[in-house]
Amino acid sequence: MNRYPLWKYVLIGIVMLFGALYSTPNLFNVDPSLQVSSSRGLDIDINLADRVSNILRQENISAKSVSSDESKVLVTFADGKTQEQAQVVLEDTLDTRQNTVALTSTADVPGFFRAIKAAPMVLGLDLRGGVHFLMEVDMATAERQQQDSIVDDFRTILRDERIRYQSVVANGKTITAVLRNADDLAEALNAIRQQNQDLSINTENRGTDGVIRAEITDQMIQTLRQTAMQQNLTTLRNRINQTGVAEPSIQQQGEDRIVIQLPGVDNPDEIKERINATATLEYRAVDMENDAVAAANSGRIPPTSRLYYQRDGSPVLLQKRLIVSGKQLIGASAGFDQQNGSPMVRVTLDGSGANRMFDFTRENVNKLMAVVYIEDRYDPDAERFRKHEEVISVANILEPFGKTFQTTGLESFQEASNLALFLRAGALAAPMRIIEERTVGPSLGQDNIDRGFRSVMIGFVLVLIFMALYYRVFGLIANVALFLNLVLLVAALSMFGATLTLPGIAGIVLTVGMAVDANVLIFERIREELRNGNSPQNSIRAGYDKALSTIADANITTLIAALALLVFGSGPIRGFAVTLSIGIVTSMFTAIMVTRALVNWIYGRKAKLKALAI
């Protein structure tokens, strides 16, 4: 007889239970919502959810729910009109320098499903609507900028050491400095190596002249490319967070490309302007002789100072004299102070910035210095960019420093990491150009959803009818497995957070057709065994056992092709590959294990079985 052990039935039951739980949220309605998050991508204030609730209550705006996590507050509403009213109120009440209010939508999922992290599938831009940019980072310009920085650094070092030189030029990866006196080679080489330890430096005598040749190593170039890409990604995230777009996707593709997907946006020109906005940093001394609060209240600012505001809204007076700006910033990284283990940020300046910083700090030990973040922010009311300035850090100068220094006194490593991101993300490390642009309207996205759902249902019903008519009871068993396969496929897409796109729906339609291929092979093998005179029980056993190798071969080769599409394909192709790959795995499980369990349950207990309805 054909019987499954109890553990296999338990395994199938557990898998299907998880499939039912994580696919069910896709059946609930979608509510209009608002997402309140930090404009800088930081963790939100723990009391922000209560503030939002109180503001809406005071304005008699009814919200269905208010929930929060470390990064955002999510408010859902019954209709779109209430959502728009709440957006206006929150934008007028909350500090827009600290928070961003974005329109979004949320499935009306009961608390039980939210507790187990069950959520609907994420829809791609072609189903949800929005804009898509594929941007290419100009790495050649980044390398030229590094060469120019090294040339300027060499010239500054030689001038500071009072070493006369004829020229300092860059030719490809080589920077050549020609000295007027060969006797100065040793001194110049020592000074240059102290501040440029990563370069491969050689010297030679050319008559009375001395020549220093520095080679930019491949490792330096690779590090530069990685740093430039990371800085551009961080800068884009900071800028797009301020546009109020909910759930933006900004990802690296390959070595020099960035994919930006902004759901719910239908004006790409405005987004392109915001992406290309300028940003920079300034280091200024704090005016410690005057009271910033009194100056802010009275409006009387000392002639040698300017009034700025910190991120928490508190005023601070800074001297007008500029120490260094973001143009001299090479890099910034978070870490821990080796002396006391406290969080710190290490900043690196180029040669000219290092000299100016050293001269200033040498004369101002135990005084305060501030970091000012400056960027152009788009003002929708004025329909133009406005310069926005804020102080992101005030640090005490403990001792003189120059090219590399650290900022301590930070409360946590997370704060140090955020500050390092601010410093690196002041401006784009390399220019970018848009090489692909797509815009999908919300109405077209809904039309894609409707047509995609209709195509899946038509294909599903036609397969059900054919299998039921051709294979009778066994066909009905295959139909049950096909339905469970769709449940598992939707659950897997929801659990893994995979984005469902229009090509992804095509992958689902293909999976519906392929899912019964294994059952066709098994059922035909069973019919062949019956024609050869085998008993029904032996025919069932032989059908499943002998067809397994063929099924595995066909599905594994298709899975290899799908994985190749997933690795090497672009966005739409990868969407197709994701659903196809998951569909192959789930269809093998349902077509082999689930149908065998059902067949064993129906026929396996009958010792004197004479015929099969196949």
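Quick check on this structure: which one of Asn181, Asn99 is out of contact with any His (no Cβ under 7 Å at 6 or more places or on another chain), free of Cβ contacts under 8 Å to residues at least 60 places away in the same chain and either farther than 30 Å from Leu56 by Cβ or buried (at least 16 other Cβ atoms within 10 Å of the Cβ) (or both)?
Just a single option satisfies the conditions, and that option is Asn181.
Suppose the filter is of a type outside the set (Val, Ile, Thr), in a helix (DSSP H, G or I) and in contact (Cβ under 8 Å) with a residue 60 or more places away in the chain; does Arg225 pass it?
yes
If you go through segment 45-67 one residue at a time, do you hit one that is touching a residue at least 60 places away in the same chain (Cβ under 8 Å), more than 30 Å from Phe483 (Cβ to Cβ) and of a type in the set (A, V, I, L, M, F, W, C)?
First, the residues of segment 45-67 that are touching a residue at least 60 places away in the same chain (Cβ under 8 Å): none.
The answer is no; no qualifying residue exists.
Please determine, by comparing only the residues of segment 577-593 that are hydroxyl-bearing (Ser, Thr, Tyr) and within 26 Å of the chain's Cα centre (by Cα), which one is farthest from Arg541 (Cα to Cα).
That would be Thr579.
Hey, can you tell me all the residues within segment 171-196 that are part of a strand (DSSP E or B) and in contact with a Ser or Thr (Cβ under 8 Å, 6 or more places away or on another chain)?
Thr176, Ala177, Val178
Taking strands (runs of 3 or more DSSP E) that fall entirely within segment 26-133, which contain at least 2 residues that are of a type in the set (S, T, N, Q) and modelled with pLDDT under 85?
30-38, 65-68, 99-107
Within segment 592-605, is even one residue assigned by TED's automatic domain parsing to the domain that holds Ile526, among the hydroxyl-bearing types (Ser, Thr, Tyr), in a helix (DSSP H, G or I) and at pLDDT 90 or above?
Yes, segment 592-605 contains at least one residue that is assigned by TED's automatic domain parsing to the domain that holds Ile526, among the hydroxyl-bearing types (Ser, Thr, Tyr), in a helix (DSSP H, G or I) and at pLDDT 90 or above.
Which condition number in (1) modelled with pLDDT under 75; (2) touching a strand residue (DSSP E or B) at 6+ places or on another chain (Cβ under 7 Å) is the one that Thr404 fails?
(1)
Could you grab me the full set of residues in segment 507-524 that are more than 43 Å from the chain's Cα centre (by Cα) and of a type in the set (S, T, N, Q)?
Passing the criteria: none in range.
Could we say that Ala611 is free of Cβ contacts under 8 Å to residues at least 60 places away in the same chain, loosely packed, with under 14 Cβ neighbours inside 10 Å and touching a helix residue (DSSP H, G or I) at 6+ places or on another chain (Cβ under 9 Å) here?
No.
When only residues in segment 444-468 that are under 38 Å from the mean Cα position of the chain (by Cα) and either farther than 19 Å from Gly504 by Cβ or of a type in the set (Val, Ile, Thr) (or both) count, which is modelled with the highest pLDDT?
First pass over segment 444-468, keeping only residues under 38 Å from the mean Cα position of the chain (by Cα): 444-460.
From the residues that got through so far, the ones that are either farther than 19 Å from Gly504 by Cβ or of a type in the set (Val, Ile, Thr) (or both) too are 449, 456, 458.
Values: Ile449: 82, Val456: 86, Ile458: 90.
The extreme case among them is Ile458.
Quick one: would you say Gly583 is in a helix (DSSP H, G or I), in contact with a strand residue (DSSP E or B) (Cβ under 8 Å, 6 or more places away or on another chain) and under 20 Å from Val487 (Cα atoms)?
No, not satisfied.
Checking Ile163 against (1) over 19 Å from Ala186 (Cα atoms); (2) outside any helix (DSSP H, G or I), which test does it fail?
(1)
It is to be established whether one or more residues within segment 567-576 are buried (at least 20 other Cβ atoms within 10 Å of the Cβ), under 30 Å from Arg605 (Cα atoms) and either of a type outside the set (Ser, Thr, Tyr) or in contact (Cβ under 8 Å) with a residue 40 or more places away in the chain (or both).
The answer is no; no qualifying residue exists.
Identify all residues within segment 207-219 that are in contact (Cβ under 8 Å) with a residue 60 or more places away in the chain and either touching a Pro at 6+ places or on another chain (Cβ under 9 Å) or closer than 21 Å to Val137 by Cβ (or both); write none if there are none.
Within segment 207-219, just Ile216 meets the criteria.
Residue-by-condition table, conditions (1) among the small types (Gly, Ala, Ser); (2) assigned by TED's automatic domain parsing to the domain that holds Val490; (3) surrounded by 15 or more Cβ atoms within 10 Å (Cβ to Cβ):
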position	(1), (2), (3)
Ser68	yes, no, yes
Ser71	yes, no, no
Val75	no, no, yes
Thr93	no, no, yes
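Out of curiosity, is Ala498 out of contact with any Phe, Trp or Tyr (no Cβ under 6 Å at 6 or more places or on another chain) and of a type outside the set (S, T, N, Q)?
In short, yes.
Residues in segment 527-541 that are of a type in the set (Gly, Ala, Ser) and either buried (at least 16 other Cβ atoms within 10 Å of the Cβ) or farther than 15 Å from Val599 by Cβ (or both): how many?
2
How do the strands (runs of 3 or more DSSP E) wholly within segment 303-349 filter down when requiring 1 or more residues that are free of Cβ contacts under 8 Å to residues at least 24 places away in the same chain: which remain?
305-309, 315-325
The values are calculated or read from the model by the stated rules, or taken from the named source; none is laboratory data. All figures in this text were calculated on a predicted structure; none of them were measured in a lab. Glycine gets a Cβ as well: all are built from the backbone with ideal geometry, and neighbour counts include every protein chain shown.
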